[in-house]
Amino acid sequence: MGDSTMILDETNRKNLIFLILQFLHEEGYEKSLHLLEQDSGVFFDYSYFSSAITNGNWKDAEDYLSAFTSPDANTFSRKMFFDLYKWKFSEAPDRSGGSESVNIFSKDLRRIPVFKDDGFEDLVDVIAVEDIRIPEKTGTVDKALVRASLCVDLRKLAESNPSLFDKLVFPNLNKSALLSLISLICPNSNGRMGGSKEDLIRLILQFLQEAKYKNTSHRLEQETKIFFNLNYLAEVMKLGEMGKAEEYLAAFTDKHANKYSKAMFLELQKLKCAESTAWEATTPSGSPTQKTKLHISVAKLAKKNPALKDKLSFPEMGKSRLLTLLKQTMDWWRPHSCNNSKSLEHIPVVTNLCGEPSSLENKFNRTGPRAKGKLKEINHPSECSALVLPDYWSGERIACLKYSHSGDYILALADDATHKLWTWSTGQNEFCKHTPRVLKEDVFPKPRLHQPMSGETMKNEIATSVEDSTSCFAIKGSYLFSTSGAKIAVFDLKSFERVAAFGSPIKPTATYFIFIPGDLLSVGLDDGSILIHCLASRKIKEKLDGHDQRITCLAFSRCFNVLVSSGADGKLCVWSTKSWVKLTCIDSIQNFCTRRNNNSSLVTKIEFDPYQIELLVVQDKWISRHAAPTLDCLKQWVPDESEAAITSATYSSDGEIIYVGFRSESIKILDSKTFLMKCRINLTAFTQPIPSNIRVEVYPAVVAVHPSHPSQISVGLSNGKVIVLQPLGRGGWGEASALEDDADNSDGPEHCY
């Protein structure tokens, strides 16, 4: 009985830590988040670890890894530390003229246990070397390539490492699960979100102190600014750590805030001086020392300081209050839930605090907590701002659709190889600076299908066969590069004149292309190869071979200087844009996240988020997010099985949401981090002709996002029309007031993995 109770308590403790980690991430307390990961040891965030390596923060990477394992823990840990030290060693001369590399060798490499049976002959050889020669300067080496390759190797070691392999996956949680739980069991907050968060932060601080996670606790005090821990300040002052004392105080106030703050910083400066003087020796026996006087002075000033005095007290509460609340809630919850599960996925939530309900919420026993909200659906044009762009001819499906980089026009390419350009202009040859923020039928200036005075039209050559027909375009300055399965044509966007064409009208033909820095054009071909064209010299700089079938999409990351390619062969490849070496290549079916079925599906689109850190991968059955440059799967979303195929998916301009178009004539709007649904737009009401008894299938073929208004999208339809949509007022999608309770408010069994 005692053993089972201990196991349950440990399970509750780990569950609580996961819930706290989610809360810290959602609230943006990133330093506290990663400190708690290290203090608790329950989750190894490989994305954070690899980011430290990619940015050359070797000490941060080493400290993080050391919190979970040590060089003598096992063979895999030894290899991981060795690889870290080896590359840190190789880069050291760049920073300190060679002296640091010797220091790293002696302090780091020599403390790794060496066993001949490890099979790591390189480690044995390095440590056996007596003549330590400074390696040549690594400035000519592609550091981004080396670091990215190291991340891939370390990931494989981590997955096999008994100290790490079961700590690499974060459990699936409802959004704001812990905050929602506290609001559920602490009704005194009266539904006030701010009050609930402050209550929760105090409960978390108590838990961290009791668990002796002091680093996390004091960092969270600084990040939240809810509690000023005078005891901690006194402790670091007593230890003579004046830098920490000043940093802690600066998190709550600055020397210019008021006279008390100014005096506190001055007293800390005096303490710095006291550390290097003989005041202690000259103090008469029995009298308080100069340092003690300064400590007392700082405490008195804090109590008078208007910026601090309301943050000095911590509420009285029972021991382990947060852990007790979680245990009591879960003990009550399990017999009332449909599956008696201990999983965090089934933790009770309050929907109006945590966003969209999961499919499991409708299975809750009616005696349990119920959500008072409903998913926002738009079923009529009056429920959002909508504008159908004027068009004098249509009928062919919109294959490609984009806003210009500044948002002053919208450009479409239809299946018949014809381009259409709409602008908000005040004159025939004048472009407006941007599309209007608010869309209304009487808006001025009104959108206009642009046509130059010459009467020119922009039309591509069409592929000789239907199966070769692929459409793609890219904008560079005032020029448009475009193809519909034959040559790549170059058009002047002002005059619509075709100024050039290149490529082959026969196989291999271009299937996708993008511009990348350095005046380069990356062109994917239908034979699976990728050509890197230098526009200045008009020559092919590189040819990349890694796919067996046609290239379906390309994406470039400025952050990592990598090009990612997807092919009809199911592969995703990552290439360095400095050396053009292939960094990694994975099978999109075998290596992606767990799914409900293994039916293969072609990757139709890949796209980096606005920060160029995560990659969105789109198939017709699911979408997923991946960390660059390793392509580790972060999260996957599989829509309801009754839903038709996904036709398009794209990030908003701020990266906060993802728009997903479906063949079932709808668009779902998801939170980009959690993949929880914020809103659904039913396009039937926007697209069906009158009389309504005529049923025509019209679906969103492609969705484009405004470059500076995250909530505005343009939708290219299968009937050739383009419609611009955005929410009413100044709110975002799905931010309307909650609707009345409805027993059938689920959107079906959609899954996030």
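For the reader, a short list of remarks on this structure follows.
- One decimal place: the segment LYS309-ALA67 gains 83.5 nm when fully extended, by the rule 0.36 nm per residue minus the C-alpha distance.
- In this simple spin-label approximation, ALA644 and LYS262 carry label points 7 Å from Cα along the Cα→Cβ vector, and these lie 7.0 nm apart.
- Inter-label distance, GLN451 to TYR48: 5.9 nm, where each label sits 7 Å from its Cα along the C-beta direction.
- Top positive-direction residue, dipole computed over the stretch 615-729 with Cβ charges, set ALA628, HIS709, ILE667: HIS709
- Extension gain for ASP153-ASP9 works out to 48.2 nm (0.36 nm per residue, less the C-alpha to C-alpha distance).
- Estimated dipole of the stretch 472-589 in Debye, rounded to 20 [Cβ of Lys and Arg +1, of Asp and Glu -1, Cα centre]: 340 debye
- Dipole moment magnitude, nearest 20 debye, the stretch 467-531 about Cα centre, only Lys, Arg, Asp, Glu C-beta charged: 200 debye
- Whichever lysines have a C-alpha closer than 17 Å to that of LYS541, once near sequence neighbours (fewer than 8 apart) are set aside: LYS578, LYS582
- Ellipsoid equivalent to the stretch 506-662 - semi-axes via the Cα gyration tensor, in Å: 26, 17, 14
- 21 Å Cα-Cα reach of LYS238 towards lysines, excluding residues that sit fewer than 8 places from it in its own chain: LYS212, LYS214, LYS262, LYS270, LYS272, LYS291, LYS293, LYS300, LYS303
- Here the 3J(HN,Hα) profile of the stretch 614-628, calculated from phi with Karplus coefficients 6.51, -1.76 and 1.60 at θ = phi - 60°, is 10, 10, 8, 10, 10, 10, 6, 10, 6, 10, 8, 10, 9, 7, 9 Hz, Gly and Pro shown as x.
- The Rg/Rh ratio for the stretch 454-590 is 0.98, where Rg is the radius of gyration of the alpha carbons and Rh is the Kirkwood radius.
- Amide H contacts of THR647 (H built 1.01 Å from N, under 5 Å, at least 5 apart or other chain): GLY661, PHE662, ARG663
- Cross-link reach is defined here as a Cα-Cα straight distance under 21 Å, omitting same-chain residues fewer than 8 places apart; for LYS459 the lysines meeting it are LYS402, LYS420, LYS476, LYS487, LYS494, LYS507, LYS721.
- Ordering of 259-265, 379-385, 238-244, 175-181 by burial proxy (mean other Cβ atoms within 10 Å per residue, highest first): 175-181, 259-265, 379-385, 238-244
- Furthest towards positive pole of dipole, ILE204, ALA250, LEU233, structure part the stretch 200-254, Cβ charges: ILE204
Read-outs throughout are calculated quantities, based only on the coordinates presented, and are distinct from any laboratory measurement. Note that the structure is a prediction, hence the values are computed from the model and not measured. Ideal geometry is used to build each Cβ from the backbone, glycine not excepted, and the neighbour counts take in all protein chains shown.
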